[in-house]
1. Find the eigenvalues of the gyration tensor of the Cα atoms of region 6-136, then list the square roots of 5 times those eigenvalues as equivalent ellipsoid semi-axes, largest first, in whole angstrom.
2. Please tell me which of these pairs span more than 26 angstrom C-alpha to C-alpha: Lys77/Lys131; Lys9/Lys77; Lys9/Lys105; Lys69/Lys110; Lys36/Lys121; Lys41/Lys113?
3. Please arrange Ser55, Ser33, Ser81 by how many other C-beta atoms lie within 10 Å of their C-beta, fewest to most.
4. Per DSSP H run of at least 4 residues, take -39500 (n - 2.57); add these up for the chain, divide by its residues and hand me the 222 nm value, nearest 500 deg cm²/dmol.
5. Loop only per DSSP, at most 15 neighbouring Cβ atoms within 10 Å: give me the trypsin sites (Lys or Arg not before Pro) in region 38-133, ordered by residue number.
6. Taking 0.36 nm per residue of sequence separation and subtracting the Cα-Cα distance, how much length would be gained by fully extending the chain between Met92 and Lys131, in nm to one decimal?
7. Give me Leu11, Leu66 ranked fewest to most by other Cβ atoms within 10 Å of their Cβ, as a rough exposure proxy.
Amino acid sequence: MAKETPRAKALRLLQKMARMREVNDLGYGECVSCGKTVHWKEADGGHYLPKGASSYWALDERCVHLQCKGCNGFGMKFGTSAQRYTIWMQDMYGSNFVKDMLATKNTIHKLYKADYEEMIKHFNEEIKIQKTRLGD
């Protein structure tokens, strides 16, 4: 098995952290796209902007939120999940923020190993807090 790159590890931890932080103390939360109630272990940390499409936003906590697997997979590409995610993002962060995300999504954001290590440390600390909260 190939070793996980620092970027891949940071992405994985960010997605886990997003799933955990957006649920109640019993571990359940609502999908940002369809509103379905789902346990964090059965959900995805869905990127508003696809992680491969924007180096600028891929590791920003404001771009990743709890989604059910249906919405994060098929629904984002072929269904209405992306449109509903946009509405949720506008309600959460404001339309100007979403417009800025879309306008800057192609901006190159060069990160170095130290940047990834700092993010990994932060995400792991937050995951530890959430594990305690969720009794995991």
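1. So the equivalent ellipsoid measures 21, 21, 12 Å along its semi-axes.
2. Lys77/Lys131; Lys69/Lys110; Lys36/Lys121; Lys41/Lys113
3. Working: Ser55 16, Ser33 26, Ser81 23.
Least to most surrounded, the residues fall as Ser55, Ser81, Ser33.
4. The helix contribution divided over the chain gives -14500 deg cm²/dmol.
5. Counting only loop positions with at most 15 other Cβ atoms within 10 Å, the trypsin sites (Lys or Arg not before Pro) in region 38-133 are Lys110.
6. Details: separation 39, 0.36 × 39 = 14.04 nm, distance 2.45 nm.
Length gained, Met92 through Lys131: 11.6 nm.
7. Working: Leu11 22, Leu66 25.
The fewest-first ordering by Cβ neighbours comes to Leu11, Leu66.
Read the figures in this text as sums done on the coordinates, not as results from a lab. This structure is a prediction, so every number in the text was calculated from the model and none was measured. Cβ coordinates were reconstructed from backbone atoms using ideal geometry, including for glycine residues, and neighbour counts include every protein chain displayed.
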